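The values are calculated or read from the model by the stated rules, or taken from the named source; none is laboratory data. The model shown is predicted, which means the values in this text are computed figures rather than measured ones. Positions of Cβ are generated from backbone atoms using ideal geometry, with glycine treated the same way; all protein chains shown enter the neighbour counts.
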Amino acid sequence: MIIAHGDLGRSLADCARHILGREPENLAVMAVDKTDDPESKQAEAQLLVNRLDAGDGVVILTDMYGGTPSNIASRLIRPGRVEAVAGASLPMVVRALCYSSQPLEIVVSKAITGGLEGVLYIIPGEGNAAN
């Protein structure tokens, strides 16, 4: 699940679909705008978690630690059932989706390493031809 400001979550999900070439059945996105009521967004997020949890738990990715999306996610955490990671990026989302059939702790770990390994300094002339 992605909880993010504005259209960022939807954009990340759309890009992940493009990269994976499929529609992930276990992905939900919730946008948070500055005019939204935090309590109603909290209730909406809980409904999405309930819908997504087929018994193996849910990983919530948020865009920025300390913002409303991460604050909502932090109230949903149930260790071992619902976990949250801030700093969502495309490599993090793709990695989480690729490993979504694994145990929850593996998905969390893979999402974090995807985010960390996705940050690289690009040296001119040493680029990778992959898209």
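Conditions tested, residue by residue: (1) farther than 18 Å from Ser11 by Cα; (2) at pLDDT 95 or above; (3) of a type in the set (Lys, Arg).
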site: Asn50; (1), (2), (3): yes, yes, no
site: Pro69; (1), (2), (3): no, yes, no
site: Arg78; (1), (2), (3): yes, yes, yes
site: Glu83; (1), (2), (3): yes, yes, no
site: Glu105; (1), (2), (3): yes, yes, no
Checklist outcome for this item: Okay, helices (runs of 4 or more DSSP H) sitting entirely in segment 20-131 with 3 or more residues that are exposed (fewer than 15 other Cβ atoms within 10 Å of the Cβ) and of a type in the set (Phe, Trp, Tyr), I get none
Checklist entry - With (1) within 13 Å of Ala28 (Cβ to Cβ); (2) over 14 Å from the mean Cα position of the chain (by Cα) as the list, and Leu97 as the residue in question, which single condition is left unmet? => result (2)
Checklist entry - When segment 5-48 is examined, which residues are found to be more than 22 Å from Ser74 (Cβ to Cβ) and free of Cβ contacts under 8 Å to residues at least 24 places away in the same chain? => result Ser11, Asp14, Arg17, His18, Gly21, Arg22, Glu23, Glu25
Item to check | Positions within segment 8-65 being touching an Asp or Glu at 6+ places or on another chain (Cβ under 9 Å) and of a type in the set (Gly, Ala, Ser), in sequence order | outcome: Gly9, Ala31, Gly57
